[in-house]
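> I'd like to ask some things about the structure below.
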Amino acid sequence: MDALDRLIDLALAEDIGPGDLTTEALIPDGAMGAAEFLCKERMVLAGIEAAIRTFRAVDPRCSASFFVEEGRVIEAGTVFGRAEGPVRALLTGERTALNFLQRLCGIATNTRRWVDAVAGSRLQLLDTRKTTPGFRALEKAAVRAGGGRNHRFALYDGVLIKDNHLAAVGSIETAIARARGRAPLLTKIEVEVVDVAGADRAAAAGADVILLDNMDDATITEAVRVIAGRALVEISGGISLERLPKLAATGADFVSAGAVTHQARSVDISFNLVGE
C-alpha cells in the first residue's frame, strides 16, 4: 500500500467510522448508479488520481473517469468527470473524494494565478514545505498542475542552510564547507541570507543557490547585482501576488511562496447523481 492509499484509508475511516447510517438506511444494497462532477467556478483541475482511488477504496466495483486532463483550466458549469458503481459506495465516498478534489484544484488554481503574474519573465515560481501534514506529495503535484515548480520535497533531498543553522554553526563559510563535505556529490547547496553582504559572502564561499530572505525590492536588485551570476538567486519572505511583477524585474531566478499552498482556497465542485 502506497502513501496515497494510506491517506485515503485514513480519510475514509475518519468520515465513515463503523458505517454510513443515512445511506445504508435509504439505499438498497445492490442498487447501481452514476454521478457527475460539476465545476461551479473557473478552476485548474488537479487530484484526479486521489478521487478515483477514493471510490475504489469504498467499493472495488466503482470506477471514475475524467473528461479533462490534469492541469487544464475548466470553466464554471462544466461537467468534467463521472463515477459509476454501487449507489451506496458513490454516496459514502462522495465527501472524501470531493475534499481531495476541492483542496487540490484550489491549490492548482491559486498557483496558476501566481505563475501568470510572472509570465514572460525569467522568474520561476517555487512552492515550499508549508503543506498540509500528510498531503505534501498531493499538494506539490497540484502546484505542478498549476504550472509552478517544486522546491525540495523534504529535508532529505536538498541542502538549505537557514538562519538557525548559521546561528548554530557560526558563519556562512563554515556552514557551506561542512555541507559541501557531507552532502552527496551532485547536491546543490543553498544558503539563506538577510542582506547584501551575506549574499556576497555566500557567493564567494561557493553556494549554488542564494536565498534572499525578507528583503525589499531595491535590496534584492542590489544583491542580484553583487552575486553577479556566481549563484542562482531565490527570493522568499513577504511575497504576495501583487508584488510579483516588481520581483520579476529584479533579475532573480526563483521566487518561493508558501502562500500557493497554505493560503489556497478550496474550489466549489458538486457531485450529482444522474439517470442512466
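The values are calculated or read from the model by the stated rules, or taken from the named source; none is laboratory data. None of these values were measured; they are calculated from a predicted model. So basically every Cβ, Gly included, is an ideal-geometry build from the backbone, and we count neighbours across all protein chains shown. Just the protein is used for accessible areas: all its heavy atoms, side chains included, with ligands, DNA and RNA removed. Shrake-Rupley method; radii C 1.70, N 1.55, O 1.52, S 1.80 Å.
> Quick one: which residue in ILE48, ILE107, ILE8 is β-branched (Val, Ile, Thr), open to solvent by 20 Å² or more (accessible area, probe 1.4 Å) and closer than 27 Å to PRO133 by Cα?
Checking each option against the conditions leaves just ILE48.
> Any idea which of (1) over 22 Å from VAL260 (Cβ atoms); (2) at pLDDT below 95; (3) open to solvent by less than 40 Å² (accessible area, probe 1.4 Å) is the one GLY181 doesn't satisfy?
(3)
> Here's something else I'd like to know. Please go through segment 72-89 and pick out each residue that is closer than 15 Å to THR23 by Cβ and open to solvent by less than 60 Å² (accessible area, probe 1.4 Å).
Residues satisfying the conditions are ALA83, GLY85, PRO86, VAL87, ALA89.
> Quick one: which residue in ALA57, ALA3, ALA51 is small (Gly, Ala, Ser), at pLDDT 95 or above, under 27 Å from ARG144 (Cβ atoms) and under 19 Å from the mean Cα position of the chain (by Cα)?
Sole residue among the options that is small (Gly, Ala, Ser), at pLDDT 95 or above, under 27 Å from ARG144 (Cβ atoms) and under 19 Å from the mean Cα position of the chain (by Cα): ALA51.
> Could you look through segment 90-104, keep only residues that are of a type in the set (A, V, I, L, M) and surrounded by fewer than 23 Cβ atoms within 10 Å (Cβ to Cβ), and pick out the one that is nearest to the chain's Cα centre (by Cα)?
So the residue we want is LEU98.
> Any idea how many residues of segment 226-273 are more than 18 Å from ASP116 (Cα to Cα), aliphatic (A, V, I, L, M) and either without any contact (Cβ under 8 Å) to a residue 60 or more places away in the chain or in contact with a Phe, Trp or Tyr (Cβ under 8 Å, 6 or more places away or on another chain) (or both)?
Residues that pass the stated criteria total 7.
> Okay, moving on. Yes or no: segment 190-198 includes at least one residue that is assigned to a helix (DSSP H, G or I) and in contact with an Asp or Glu (Cβ under 9 Å, 6 or more places away or on another chain).
yes
> Being among the β-branched types (Val, Ile, Thr), touching a Cys at 6+ places or on another chain (Cβ under 7 Å) and over 15 Å from VAL260 (Cα atoms) narrows it down to one of THR78, THR96, THR92, THR54, so name that one.
Selected residue: THR78, the only one of THR78, THR96, THR92, THR54 that is among the β-branched types (Val, Ile, Thr), touching a Cys at 6+ places or on another chain (Cβ under 7 Å) and over 15 Å from VAL260 (Cα atoms).
> Do we have GLU69 as surrounded by fewer than 20 Cβ atoms within 10 Å (Cβ to Cβ) and within 23 Å of GLY148 (Cβ to Cβ) here?
Judged against the criteria, GLU69 is a match.
> In this structure, is ALA31 of a type in the set (A, V, I, L, M, F, W, C), over 29 Å from THR261 (Cα atoms), exposed (fewer than 12 other Cβ atoms within 10 Å of the Cβ) and in contact (Cβ under 8 Å) with a residue 24 or more places away in the chain?
Against the criterion (of a type in the set (A, V, I, L, M, F, W, C), over 29 Å from THR261 (Cα atoms), exposed (fewer than 12 other Cβ atoms within 10 Å of the Cβ) and in contact (Cβ under 8 Å) with a residue 24 or more places away in the chain), ALA31 qualifies.
> Can you name the residue in segment 147-163 that is at pLDDT below 95, more than 17 Å from the chain's Cα centre (by Cα) and not in a loop (DSSP other than H, G, I, E, B) and, of all such residues, is surrounded by the most Cβ atoms within 10 Å (Cβ to Cβ)?
Among those that are at pLDDT below 95, more than 17 Å from the chain's Cα centre (by Cα) and not in a loop (DSSP other than H, G, I, E, B), it is ASP163.
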